[in-house]
Each structure stands twice: as C-alpha cells, then as structure tokens.
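The values are calculated or read from the model by the stated rules, or taken from the named source; none is laboratory data. Owing to the predicted nature of the structure, the values given are computational and were not obtained by experimental measurement. Methodologically, a virtual Cβ is constructed for each residue, glycine included, from the backbone with ideal geometry; neighbour enumeration extends over all protein chains shown.
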Amino acid sequence: MRVASALSTVALVPILIGAWGVQGYGEWVALVALISYASYANFGVVTIGGNEVVMGMGAGDPARAKRSFRNALAFSHLVVVPTLLAAACAASVVPFGRILNLAQVSDAEARLIAWLALAQVAVTTYRGLGAFVLNAHGRYAVTYTTEGCVRLLELGSVATAVVWFGARQTGLAATLALFSLIELVAFVLLVRRIADWSFWHMGPLDRGWVRSLLRPGFGFFLANLSSQNILLQGPRIALAIVSGGSAVALYNVYGIVLRLADQIVLLISAPLEVEVVQAWHQGEKGRAYRLIILGTQVSVLVLIACGVALLASGPWFFPVWTAGRIAFDIGLLWLFLAIALAAQFGRIASQTLTAANRIFEVSVLMLPLSLVAVGLGTILAAMLGVQGMALGIVAGEVLLSLLMLRAIRAWTGEPGAAPLRDLFRPGDLKLLAAAVPHRLLRRRRP
C-alpha cells in the first residue's frame, strides 16, 4: 500500500503539471497543505484509541479492544464530525487567494476544495478505525492490499479526469473524496467479516475513557502537528506566502522524490513498531530497545541506497518526469536527502513512542523546535529561495531525532543504553528478520 501510494503521488506530478502548469500545481499543493491541519479535528484521541485497540488484542484482552473501538467511534460521531462542520463554516469566509497568493484558483474554487477536503478528513477518520481493527487481528497484508488497490484505482480515475476531461483542482478534490468513501466502505465490510464491531454503534461516550486518553492524545496531537504539519506541510504554506505557487511546486516535487524512498523504508518500520510495543508490555525491554536500534540501522541503509539511485538517475529522470518544466538540481536533491536521513534516525523511536502512548513527554518540546525550524527556513528562503527553506528543515529534523533517541533511552530504561552510540554498532539482524515478517504475514484469530 505504501509503495502504491507513493507511486500514485509520483505519477500525478507530470499529469497535474502538464494540465495546470507549475503555478497551478503549486497552488493546489499549497491549498492541500493548509487544509491538512483539519486532520487534527480528532485531537489525537481517535488515533490513541486505535492504538489501544491494537494493544488490547496484543495483550489477549478483546474486551478492552472492543471498548476502545466503540468509544473512539462515539468520539468521532460526537466531536470530530461537529468540529469539521464548524471548520467548513469557517472556510466559507477565509480569503484563500490573498493568504496563499493564488493566481489560477479562485476563492470560490478554493472554498469548494476546502469543503471536499474536510469531508475527506471525516471519512478518513472512520477508515482509520477500520485499519486499527484489521491490524489488531494481524491482518496487515489485507490492510495494505486494500489501501493499495484503492490508490491505484484512484490514480487511474484522476488521470482520466484531468487528461481527458480537463478537470481543474476542484475536480481532483472531488475525485479524492469519492475514493476515500469507497475505501471506507471496503474497510467496513472487511471489519464486519472478522469482528462483531459495528461501525454504526451509537452507544454513549465513556468520559472516563476520554479523560484517560487526554494526556497521550494531546501528546500525539502535538507530536504529529510538529512533525507532519509544521515540518512537512508548513514549508509549503510559508513558500506560498513568501514566493508563490512556483516555489511550492519546486519544493513539493523534490519532496515527492524522497517520499517514494521513504515509503519503502516504512515497510520495515510500520510493522516493527507493534512488535516493539508488545515486547515492552511483555517486560522484554532489552529486546524492544534492540529492535528499535536495528530497525533504525536497516532503515537508514535502505534510504542511503535509494538516495544513491536517485542521485544517479536524477539528470535523465527529472526532465522526463516533469515534462521539462522543472530542472534537475543536484544540490537541492542533496538537501532533501539530508532531510530524509536526519528524520530517519528518530523515526522508529517516534513511531514506537506514539504507538505506546508515551509521546506526551517529548511532544511539548517538538512543537517549539519545529516552529523555529520553519521560521529559520522562511528567513533563509527569502535570501536563498527553496534551498534556504530546505536548510531550515534539515536543522529541525536533526534536533527532533536527537530528542526522540533520548526519549527512547528513558522509556526502555535499558542499563547502559546509548542510542546515538549504538546506532553505529553492528547489530544482530536475525532479531529484525524474525520480527518484521512475523508482523507482516501473521493472521491471528480474535
């Protein structure tokens, strides 16, 4: 699924740039980046509740898992959807054109895109709960295959709409929302086959359950806001304000190149985080720590290999991929590789802390560090262009990775643990080889 999603994003670049030009493509990216902040309408509670579903099944306590699922579902009905409706009302008066320097997309079109994107966020929230249930039952392959198939069908539909019917940005937003709904229906059907957990359950919301998740939920909210929206989407918004759509398009294109490599790495880290959390809950702190170190080592090596391939193929790949609209800049690609590598050293640690609902302690430091990084990047961008923004983000990712490694040392409590030192020591790859296929392929019955 992750590779299919990344390939879909890569394939859309020449299609959208060819249809809308660099400026129109950059304006679409800037709008999506701004509206993406609406994904935090669940305040982290739904995601943390989903983690509780996985941990409940992993601990052999299906009653706990079912209770967490139903409360997360009720929270979505009673809090997330009303919040998104309020955001839709607010979007009706936001001057998108003035804020983001839009030249090709009108304010009316921007509002329609915002409404469709908010509807997609609501649908994706429920779809995410379905994925948690499937993963809790060990159905990772089913989850990834379903999502991957939907992404490929979505790509074909978007290409047809844009190339053959001349769809504008609003048409793309409508297509994405439609396929999110199709994906939700698929997950509902899959969940009902393996667990008697109805998506339409409207039972009361347990306030005690919500209170118990407020701290980890707020931690997830701050951590994800810092790493995904401020460090990932924030530069696109800042560049739109400072330099316009063309600069956003350039930054986004180089970011997409690294995203493909990043998704390959996530094939290792995503299932590994569950194995680490369950090892910790079973009292095997030493094993949990070694898995984090080994997973990070392998992930960094895979990313370096992908980076070498990109550097070698970039001069001929970029002109073909962007239809000659965006030139290949090896210096800029090196900067984006530095961003990816800096982030990778702390990624598995961050994912593990989030899955274990222990991210709160570091999240309060992540937010100011991320804001400083984007602020520095914006200042440098005014002088150096897109390269300046990339330099600021490199600094931010380095600081966040160091913070995560320090937090992992405290979380595991492993005597003599020194993550930064241990990352540069050879590890026992047999431990990792046993853990990752086990999580990817296991089919456990409730």
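Looking at region 2-13, can you tell me whether even one residue there is among the basic types (Lys, Arg), over 29 Å from residue 87 (Cβ atoms) and assigned to a helix (DSSP H, G or I)? No, the conditions are met nowhere in region 2-13. For region 330-341, the criterion of a residue being at pLDDT below 95, more than 19 Å from residue 296 (Cα to Cα) and not in a helix (DSSP H, G or I) is satisfied by no position.
Only one entry of 116, 102, 84 meets the criterion of being modelled with pLDDT of 95 or more and within 25 Å of residue 20 (Cα to Cα), and that entry is 116. Taking residue 359 as the residue in question, decide whether it is hydrophobic (A, V, I, L, M, F, W, C) and surrounded by fewer than 24 Cβ atoms within 10 Å (Cβ to Cβ). The answer is no for residue 359.
Being surrounded by fewer than 21 Cβ atoms within 10 Å (Cβ to Cβ), among the aromatic types (Phe, Trp, Tyr) and assigned to a helix (DSSP H, G or I) is a property that residue 187 lacks. On the given criteria, is residue 91 at pLDDT 90 or above and on the phi < 0 side of the Ramachandran plot? Considered against the rule, which asks whether it is at pLDDT 90 or above and on the phi < 0 side of the Ramachandran plot, residue 91 comes out as yes. Just one of the numbered conditions (1) more than 21 Å from the chain's Cα centre (by Cα); (2) over 30 Å from residue 15 (Cα atoms); (3) among the aliphatic types (A, V, I, L, M) is not true of residue 332: (2). Would a scan of region 135-145 turn up a residue that is aromatic (Phe, Trp, Tyr) and farther than 30 Å from residue 214 by Cβ? There is at least one residue in region 135-145 that is aromatic (Phe, Trp, Tyr) and farther than 30 Å from residue 214 by Cβ.
The set of residues in region 394-446 that are at pLDDT 70 or above, exposed (fewer than 13 other Cβ atoms within 10 Å of the Cβ) and closer than 27 Å to residue 337 by Cβ comprises 418, 420, 421, 424, 425, 426.
Among residues of region 93-122 that are farther than 14 Å from residue 170 by Cα, those with a beta-carbon under 6 Å from a residue that is hydroxyl-bearing (Ser, Thr, Tyr) at least six positions away or on a different chain give the pairs 121/39. Of all the listed residues (83, 9), the sole one being in contact with a helix residue (DSSP H, G or I) (Cβ under 6 Å, 6 or more places away or on another chain) and under 30 Å from residue 244 (Cβ atoms) is 9. Going through (1) crowded, with 20+ Cβ neighbours inside 10 Å; (2) under 19 Å from the mean Cα position of the chain (by Cα) one by one, residue 322 falls short only on (2).
Scanning region 78-115 for residues that are small (Gly, Ala, Ser) and farther than 13 Å from residue 34 by Cα yields 86, 88, 90, 92, 103, 106, 108.
Exactly one residue among 117, 88 is surrounded by fewer than 21 Cβ atoms within 10 Å (Cβ to Cβ) and assigned to a helix (DSSP H, G or I), and that residue is 88.
For region 18-32, taking the residues that are under 17 Å from residue 243 (Cβ atoms) and more than 23 Å from the chain's Cα centre (by Cα), the one that is surrounded by the fewest Cβ atoms within 10 Å (Cβ to Cβ) is identified as 21.
Taking the criterion of being in a loop (DSSP other than H, G, I, E, B) and touching a Phe, Trp or Tyr at 6+ places or on another chain (Cβ under 9 Å), the residues of region 37-79 that qualify are 43, 44.
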